[in-house]
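*Asks:* For reference, the structure I am asking about is given below.
Readers should treat all values here as calculations from the given coordinates under stated rules, not as data from a laboratory. As the structure is a computational prediction, the values presented were derived from the model and not from experiment. Positions of Cβ are generated from backbone atoms using ideal geometry, with glycine treated the same way; all protein chains shown enter the neighbour counts.
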Amino acid sequence: MPVEIEQAREARRRLEKVCDRLLNPSAKAFDACAPDLGRAVECLRRLEMALGASPPGFRGKEAVGREIMGLSDAVRKAHALLEASGKFYAGLARLIDASPETAVPSYTSSGKSLAAVSIDRGRVAIDG
């Protein structure tokens, strides 16, 4: 198998592992993604060098193209997962923040907003 195909395939595999981890995002999952992302970047560097050294019209050009398309799909999926988990954790942080300017509004059953309620960290209160 040409080195170009192997490098593209390995980068795609690494990104797919990252996507699998990001399906259940946590600080531990994010940390576990770093080595695979680093290896994927290294594979892409080697792929770029190999493609630059390849003669025009080398055999396997179509196979490399398919791997790169799969890699592109994995990048889009990883980006979407990172963005979604970032929004989730940003919203969670907003709920946990106890400062008055970011207090969570209280809604009635009719959907009307009451005055904002400040959240006291470390304590949980359930009304109703």
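*Asks:* Could you please rank 23, 82, 47, placing first whichever residue has the fewest other Cβ atoms within 10 Å of its Cβ?
*Replies:* Working: 23 10, 82 16, 47 23.
Starting with the residue having the fewest Cβ neighbours, the order is 23, 82, 47.
*Asks:* At a Förster radius of 41 Å, what calculated FRET efficiency corresponds to the Cβ-Cβ distance of residue 31 and residue 53, to the nearest 0.05?
*Replies:* Efficiency at R0 = 41 Å is approximately 0.70.
*Asks:* At 0.36 nm per residue, minus the direct Cα-Cα distance, what do residue 77 and residue 45 gain on full extension? Give it in nm, one decimal, please.
*Replies:* Working it through step by step, the gained length comes to 9.4 nm.
*Asks:* Ok, one more. Label points 7 Å out from Cα along the Cβ direction at residue 23 and residue 96: separation in nm?
*Replies:* 2.5
*Asks:* Only four residue types carry charge here, +1 at the Cβ of Lys and Arg and -1 at the Cβ of Asp and Glu. Report the dipole size of the range 3-96 about the Cα centre in Debye, rounded to the nearest 20.
*Replies:* Around 180 debye, computed over the range 3-96.
*Asks:* Could I ask something else about it? Return the sequence-ordered ³J(HN,Hα) values of the range 63-77 in whole Hz as given by the Karplus equation 6.51 cos²θ - 1.76 cosθ + 1.60 applied to θ = phi - 60°, using x for Gly and Pro.
*Replies:* 5, 5, x, 5, 5, 5, 5, x, 5, 4, 4, 5, 5, 4, 5
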